[in-house]
1. Does any residue of segment 113-121 turn out to be under 17 Å from Asn155 (Cβ atoms), surrounded by 16 or more Cβ atoms within 10 Å (Cβ to Cβ), in contact (Cβ under 8 Å) with a residue 24 or more places away in the chain and not assigned by TED's automatic domain parsing to the domain that holds Gly24?
2. Run down Tyr134, Tyr112 and say which single residue is closer than 30 Å to Met31 by Cα and in contact with a helix residue (DSSP H, G or I) (Cβ under 9 Å, 6 or more places away or on another chain).
3. Kindly evaluate Val83 against the criterion of being out of contact with any helix residue (DSSP H, G or I) (no Cβ under 6 Å at 6 or more places or on another chain), assigned by TED's automatic domain parsing to the domain that holds Ser177 and aliphatic (A, V, I, L, M).
4. Considering each residue of segment 1-22, count those that are exposed (fewer than 12 other Cβ atoms within 10 Å of the Cβ) and aliphatic (A, V, I, L, M), and give that number.
5. Out of contact with any helix residue (DSSP H, G or I) (no Cβ under 8 Å at 6 or more places or on another chain) and of a type in the set (Phe, Trp, Tyr): is that true of Trp143 in this structure?
6. Answer with yes or no whether Leu141 is in contact (Cβ under 8 Å) with a residue 60 or more places away in the chain and not assigned by TED's automatic domain parsing to the domain that holds Asn4.
7. Can you find a residue in segment 150-172 that is of a type in the set (Asp, Glu), surrounded by 14 or more Cβ atoms within 10 Å (Cβ to Cβ) and closer than 24 Å to Asp49 by Cβ?
Amino acid sequence: MAENIAYGTSNAATIFGMWMASSGHRTNILMAGYKVIGIGQHSAAWTTDFGFLDDSGAPPPSATTAAATPVTSTPAPPTRTAVPATPTPIPAPRVLSGVSIPLSAGMNLVTYAGENQPVTAALFSLGESVVAAYAWDPVSLRWDRYAPGRPGYVNSFTSFQPGRVYYLELQATAIWSY
């Protein structure tokens, strides 16, 4: 999975031109292996999210024409007894293998889709280019971090988990494989 983020104008052509002029964003856009794309815009903020797996499972909608419905008088429905809602189970994140994602020097926002594993194993393919990794902890409302070679009190998380979002700070362009 990859994501491009931009801010500054509500003009789609300008944003697209900015992404195409940036080698990392251009690589995300032109990678042939993607199966799905999501595009979002709010005011002058834009995002494109690219995925390797189409898990929608639904065929595209077909055009339908609504038939005219005759107007009829409907009696008020009977009063119902409240029934507690049953929570919908949340599926576990899909775990992928054989993923290769090009990353740029600087900050990269990524969603990890591999096996739950130690940070050092998850980041192994990036070698010496890793400056730090960051993950938001919604319980403590703080950023957890991992920086290679730093003492334990600096590193506040020790494993990468499938479905979590991370910022990876790199000192050089690299391919992240897991």
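1. Yes, segment 113-121 contains at least one residue that is under 17 Å from Asn155 (Cβ atoms), surrounded by 16 or more Cβ atoms within 10 Å (Cβ to Cβ), in contact (Cβ under 8 Å) with a residue 24 or more places away in the chain and not assigned by TED's automatic domain parsing to the domain that holds Gly24.
2. Checking each option against the conditions leaves just Tyr112.
3. no
4. 3
5. Yes.
6. Answer is no for this residue.
7. Yes, there is a match, as at least one residue in segment 150-172 is of a type in the set (Asp, Glu), surrounded by 14 or more Cβ atoms within 10 Å (Cβ to Cβ) and closer than 24 Å to Asp49 by Cβ.
The values are calculated or read from the model by the stated rules, or taken from the named source; none is laboratory data. These numbers were taken from a predicted model, which means no experiment stands behind them. When we count neighbours, we look across all protein chains shown, and the Cβ atoms used for this are built from the backbone with ideal geometry, even at glycine.
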